[in-house]
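The values are calculated or read from the model by the stated rules, or taken from the named source; none is laboratory data. Small disclaimer: the values here were computed from a predicted structure and weren't measured. Here the Cβ positions follow ideal geometry from the backbone for every residue, glycine too, while neighbour counts run over all protein chains shown.
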Amino acid sequence: MGKQRPSHLRCGGLGLGGGILPFPTRLDFALEMEGPMAGPDNDSQPILIPKGRSRSGLPKESWPCSNGLPNGVQFISVDFGMNRRASTDCVTTMRTLAGATAILTGANGGIGTHLTRTLANEGMNLLLVAYPGVGLSTLQTAIQGVAPRAEILVADLRLHEERVRVVETVVEHFGGVDLLVNNAGVEFSAAFHELPVERIRETISVNLEAPITLTHLVLPLMLRQGRGHIVNMCSLAGKSGPGFQEPYVATKAGLSAFTLSLRSTYRGTGVSASAVTPGFVEAGIYTRLKQRTGRSAPVLLGTCTPQRVCRAVVRAIRTDAPEIILNPYPIRPILALSMLFPRLGEWITERTGVNDFFRQAAGAAAMPRPGSPAPPDTIDRP
């Protein structure tokens, strides 16, 4: 039981313009908490309403939810001082994952096995989409005695018919789907002009076409039940644009923009999407790159653990976060500066050493090595 707090918490306004912008820019609002303060053991949600008004003063027909405000639904109404009717929105979050059904792609990769355990521990039923011949025994061990119900489906997501088979399988075996985690991905380090066209096509197919197609296939199911969430595993590479990573960078940037567009289209339907955007993760492809080059990620960027990524995925679902960026050091100010001053962004990227890291990885990949060839750089290096 959450600690009782005052039922109304009034907040002031925020002035942004100072006469520079050609429209009123003062945002006046009030934050109203109904009942106990929201917390881990309490589903109460904050309600943001225009200053000087209350939810009870708004006509019921203006509410986005016809039956009021159930648990997990936020009512947001903000007046920007433009003498227009306040906008309303209804966002449904999947606060309880137990008993829900998830599709997880790239389940047998480095991050994928950790995500498998995390979602299983949340009590979710799992359809685990695995790349043929890679880490299947590890994946099988990860789900034994943990998930209420889990099935492994070996599928090649480069092929459209295999993506269709994934969704047909979840409907046939589980009756539907509540969560899609687009985690599978491939990455090849090389100077772009030296990269075979087949590798470019494979990167686009797995990293971008597959998530878009799978999302297109599951959306009618989620909309019909009025509930669902899509998590796209993106990457800081898609925001900073390091060298020797052109196809990977392009697909991750596209996946991030795709996520934002989904949120705009399906706002208020009970279906939403989130991007989880880490830098280097101590699992999967980064681990292989480190072994190949004998070099760790640049010190100025650092790494994060797969467990932290998994916690971010769960948090994104429960809070309906648009995006969660994961990095050991504050990165958003740098990304903002890079957008405002692109030449500065190039300089920062170079100074971090990330270009040198991938240049060395590209050189190592091009060198013939004794013994059996290394496994392909597939499955989830965000």
The one condition in (1) surrounded by fewer than 13 Cβ atoms within 10 Å (Cβ to Cβ); (2) under 22 Å from the mean Cα position of the chain (by Cα) that PHE192 fails to fulfil: (2)
ARG343 meets each of (1) surrounded by 13 or more Cβ atoms within 10 Å (Cβ to Cβ); (2) without any contact (Cβ under 8 Å) to a residue 40 or more places away in the chain; (3) charged (D, E, K, R) with one exception, condition (1)
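Within region 229-261, can you find the residues that are outside any helix (DSSP H, G or I) and within 14 Å of the chain's Cα centre (by Cα)?
Keep residues of region 229-261 that are outside any helix (DSSP H, G or I), which gives 229-236, 241-245.
Correct list: HIS229, ILE230, VAL231, ASN232, MET233, CYS234, SER235, LEU236.
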Given the conditions (1) among the β-branched types (Val, Ile, Thr); (2) modelled with pLDDT under 95; (3) in a strand (DSSP E or B), which single one is not true for ILE324? (2)
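Do we find a residue being over 14 Å from HIS229 (Cα atoms), basic (Lys, Arg) and under 17 Å from the mean Cα position of the chain (by Cα) anywhere in region 292-310? Write out each step before concluding.
If we filter region 292-310 for residues that are over 14 Å from HIS229 (Cα atoms), which is where we start, we get 292-310.
Then drop every residue that is not basic (Lys, Arg), which leaves 292, 295, 308.
From the residues that got through so far, the ones that are under 17 Å from the mean Cα position of the chain (by Cα) too are 308.
For region 292-310, residues over 14 Å from HIS229 (Cα atoms), basic (Lys, Arg) and under 17 Å from the mean Cα position of the chain (by Cα): present.
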